[in-house]
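Everything below concerns the one structure shown next.
The values are calculated or read from the model by the stated rules, or taken from the named source; none is laboratory data. On a predicted model such as this, the values are computed, not experimentally measured, just so you know. Every residue, glycine among them, receives a Cβ derived from its backbone with ideal geometry; neighbour counts consider all protein chains shown.
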Amino acid sequence: MASIINSISFKNFFNYYGDYDTTKYDFEEGVNIVVADNGAGKSKFFNAFLWLFYDTVLNSDDKKTYPVKDFAVKIISDKAKNETSIGESIETGIKIEYSTGRYKFQIIKSFVATRIAEKLSDFDSWQITLNDVEVDKTDHVLPKYKPIYDVEEKYRVINQLILPTLRQYSFFQGEEVDKMIDFTKKSSIEDAVKTLTNISKYEDIAKIVQDISSKAYNDLNKQTKSTSDHNDRLEKAIELKKSLEDQLSQEIEKLNIQKELYETAEQEKNDLEQNFANAEKRKELDDKISQKSKVLRGVKEDYDNFLEGINSRFFDGGFSWISLGFEQSVIDFKNKIKDFRQKRYEKRALLNATENPNDYFTILPSDSPDAVTLQQMIESEHCHVCNRPAKKGSDAHNYFLKLKNRPNEANTKKDFVKNDLEDFFGNLQINASPFLNKFEAIPQSVMRTREKELELKKRLDKLNSELKALKTRRKDILIAGTESEVVDNTSNIINQYKGSIRRIEQASSRIERLQGNISELKTKISNTDKEITNLRPKDIPEGFTINYEMSQDLVEATNKAQARVFDEMVSLLENHANNHFKGLIKYNDIKGGVLNFEKTPSGGISLDYIDELGNEVSGASEGFQRMKKFAVVMAIISANTSQYNYPLLADAPLSAFGKAFNKGFFEAIPDVFPQSIILVKDLYDKDLDGKLTDLGQALLKSDTIKTLYLNEVDEELPQIERTTKIERRK
């Protein structure tokens, strides 16, 4: 019967704060999903099974595993540690319940930590004591658990949950799919075939019959020498065969070296294939980014110059923006300067008249002549008032002149106010005059300038947005070792990829040549062997010859049987992989093609996807490449003649798949695994009311999904107070 995980619970385990009954997941046969954002408990959940199977946990910071005892202080919930006083103890553990038909098992792994110093996260502040693993057993008739005391029996129960030989296919994190199946290596193919068949027995048989054949050949040669006279031709033939066999061994050794070189180059090519496609895309984007950046710099320079020019428009007489809004101020100024000048004139006139009134005020008798008559009197040198002559130069004539010129006579300028601002205000009026006739044109000038500024800003923003989009696209095209903007070996990736292809071609050519040499040597050895048989004495006991010939036949038959079984199982894997792959890509546009297992010169397998037109689809997304490998993982399991009886435990297997792949994944896995527990972030969206994506909501309603949990932490709380909240949605 299949092993089905019934529940898992935690006690003060990382963010899972509290006792076992408050941090518990109940699962069912079929598909179970735990949705969580980063930091909400996915990796910690996965760590529980690492502790169960291997007594280790994974450090999320450096992606390395550590023994539980060495990492215990970090395993304990921060909140629980904070609540533990010096001298007090706290227990941390995991509890897993699973059933196998009639029986049900409960496994508890835990340790006790006693605080002995002040520093909360310091390893020296805690004394760790690992508890013995507790394993209990019951049946469904008698629900009360009974403890198992035998150590071997305990670990048999733990291993029964998922057999150690199958854990690589049934217990993994998403990126590990890329490593567990590497068909470019013949050893990887052989491991997969060994999982499905007893081909290792053929290998043992092949070694035995080869040893028998070598012994039979040596015995035959000894018998030949002891029962025959000296025969130069026979001895030369035997020596020739030995020489040919030595050459064959050397050629086979060279062939193996070239196969290793081919395998290494093929591995490098496959490792770089996605990166190469991404590197080419990056290079294309780099060119676009470079061109876009150049245009952006030009537009930004124009924009900056334009903004600097705006400042000058405030004081430039051609624009006169500084006077905008001063229309009433100009009117006020004109009125005030008019009043100022009137008062100034009055003050000046009053001061002069007060100091010298006779120079400014002349009192004439009644019937005194007017200005015209006075001018006639000056010209005629005769006074019409008294009718007497007034010759030029006489006192009377000079008096006429004084009367005529009295308003225009200027005296020496005298200060009549403390601060005379006539020149100041006059200069203001003169300097401001270029601005006064611009009032009506200023609003239109400002509007046109604003429009041009907006146009440049819009263009600048558009270029910035386009450049940002290009950089985002480039950043999203991940290349191993180049996630940082500081480190970028795009050119190296392209060169390495092309170099690996050249090495593959070189190794392939040499392999073909060496295989020709080997075939030719084998033919020569066979012919020489026939010659040796003909030259052997007739009186050699028949049994020696029969033993040798039979052993040779056995070697050939065993090798052919081993090769046949190997090829048949690879073909079976291909068929099963295609069946699963069709389900996995059910909702993708690429559906319609097939996976093709092509044997490589090194003895490995090239796993390619051939579309409906027979074209190889290369350079596909990381998710597509991972989906192909996951189809093979499912094939390795389903190709086994017996039913697979173990659950799938996968942390973030969907991280590179995409929405359509994810949907196909959840529908396909029940075909192989009796139970699956999938820890996933991709269905979570904190900005939505239900915190689940559209696909998450759809899966919630699907009959395929048996349970769905949502993990959350309160990010507003300090780290030491954060705990994982478990909500069962289904």
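Among the residues of the stretch 331-352, those identified as at pLDDT 70 or above and either aliphatic (A, V, I, L, M) or within 23 Å of Asn311 (Cα to Cα) (or both) are Ile331, Ile337. Of all the criteria given as (1) aliphatic (A, V, I, L, M); (2) modelled with pLDDT of 95 or more; (3) farther than 21 Å from Gly41 by Cβ, the one not satisfied by Ile116 is (2). When the stretch 608-645 is filtered for residues that are part of a strand (DSSP E or B) and modelled with pLDDT of 80 or more, only Ile610 remains. Please work out if Ser226 is among the small types (Gly, Ala, Ser), modelled with pLDDT of 65 or more and either buried (at least 16 other Cβ atoms within 10 Å of the Cβ) or within 49 Å of the chain's Cα centre (by Cα) (or both). No. The criterion of at least 1 residues that are in the same structural domain as Tyr20 (by TED's automatic domain parsing) and among the aromatic types (Phe, Trp, Tyr) is met by the following strands (runs of 3 or more DSSP E) wholly inside the stretch 93-140: 103-115, 126-130.
Is it fair to say Tyr548 is of a type outside the set (S, T, N, Q), assigned by TED's automatic domain parsing to the domain that holds Ala635 and over 23 Å from Lys522 (Cα atoms)? When the stated conditions are applied, Tyr548 does not pass them.
Per-residue answers, yes or no, for (1) surrounded by 13 or more Cβ atoms within 10 Å (Cβ to Cβ); (2) assigned to a loop (DSSP other than H, G, I, E, B); (3) not aromatic (Phe, Trp, Tyr):
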{"residue": "Phe53", "(1), (2), (3)": "yes, no, no"}
{"residue": "Leu58", "(1), (2), (3)": "yes, no, yes"}
{"residue": "Tyr66", "(1), (2), (3)": "yes, no, no"}
{"residue": "Asp70", "(1), (2), (3)": "no, no, yes"}
{"residue": "Lys81", "(1), (2), (3)": "yes, no, yes"}
{"residue": "Ile86", "(1), (2), (3)": "no, yes, yes"}
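The set of residues from the stretch 557-589 being surrounded by fewer than 17 Cβ atoms within 10 Å (Cβ to Cβ) and assigned to a loop (DSSP other than H, G, I, E, B) comprises Lys586, Tyr587, Asp589. Condition first: among the polar types (S, T, N, Q), at pLDDT below 90 and under 30 Å from Asn82 (Cβ atoms). Can you find one or more residues in the stretch 688-707 that meet it? No. On the stretch given as the stretch 374-388, residues that are in contact with a helix residue (DSSP H, G or I) (Cβ under 8 Å, 6 or more places away or on another chain) and closer than 13 Å to Leu401 by Cα total 6.
Consider Leu296 carefully, then state whether it is modelled with pLDDT of 80 or more, of a type in the set (A, V, I, L, M) and surrounded by 13 or more Cβ atoms within 10 Å (Cβ to Cβ). It is true that Leu296 is modelled with pLDDT of 80 or more, of a type in the set (A, V, I, L, M) and surrounded by 13 or more Cβ atoms within 10 Å (Cβ to Cβ).
Hey, does the stretch 38-51 have a residue that's part of a strand (DSSP E or B), surrounded by 19 or more Cβ atoms within 10 Å (Cβ to Cβ) and in contact (Cβ under 8 Å) with a residue 60 or more places away in the chain? Taking every residue of the stretch 38-51 in turn, none turns out to be part of a strand (DSSP E or B), surrounded by 19 or more Cβ atoms within 10 Å (Cβ to Cβ) and in contact (Cβ under 8 Å) with a residue 60 or more places away in the chain.
When you look at Leu554, is it part of a helix (DSSP H, G or I) and farther than 29 Å from Glu266 by Cβ, yes or no? Spelling it out, Leu554 is indeed part of a helix (DSSP H, G or I) and farther than 29 Å from Glu266 by Cβ.
Residue-wise test of (1) in contact with a Pro (Cβ under 6 Å, 6 or more places away or on another chain); (2) within 30 Å of Asn59 (Cα to Cα); (3) modelled with pLDDT under 65.
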{"residue": "Gly174", "(1), (2), (3)": "yes, yes, no"}
{"residue": "Thr184", "(1), (2), (3)": "no, no, yes"}
{"residue": "Ser188", "(1), (2), (3)": "no, yes, no"}
{"residue": "Gln210", "(1), (2), (3)": "no, no, no"}
{"residue": "Lys222", "(1), (2), (3)": "no, no, no"}
{"residue": "Leu234", "(1), (2), (3)": "no, no, no"}
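Taken over the stretch 95-147, residues that are within 20 Å of Ile162 (Cα to Cα) and either exposed (fewer than 12 other Cβ atoms within 10 Å of the Cβ) or of a type in the set (D, E, K, R) (or both) amount to 9.
Among the conditions (1) in a helix (DSSP H, G or I); (2) under 23 Å from Leu244 (Cβ atoms); (3) touching a residue at least 60 places away in the same chain (Cβ under 8 Å), the only one that Pro537 does not satisfy is (1). Please verify whether Ser491 is at pLDDT 75 or above, of a type in the set (Gly, Ala, Ser) and surrounded by 12 or more Cβ atoms within 10 Å (Cβ to Cβ), treating the condition exactly as stated. The answer is no for Ser491. For the stretch 5-37, the candidate set comprises residues that are touching a Pro at 6+ places or on another chain (Cβ under 7 Å) and assigned to a strand (DSSP E or B); within that set, the residue that is surrounded by the most Cβ atoms within 10 Å (Cβ to Cβ) is Val31. Number of residues in the stretch 45-90 that are of a type in the set (D, E, K, R) and modelled with pLDDT under 90: the value is 4. Say whether the condition of being hydroxyl-bearing (Ser, Thr, Tyr), buried (at least 18 other Cβ atoms within 10 Å of the Cβ) and modelled with pLDDT of 70 or more is met by at least one residue in the stretch 259-275. For the stretch 259-275, residues hydroxyl-bearing (Ser, Thr, Tyr), buried (at least 18 other Cβ atoms within 10 Å of the Cβ) and modelled with pLDDT of 70 or more: present.
Of all positions in the stretch 67-85, at least one carries a residue that is assigned by TED's automatic domain parsing to the domain that holds Asn131, under 30 Å from the mean Cα position of the chain (by Cα) and among the acidic types (Asp, Glu).
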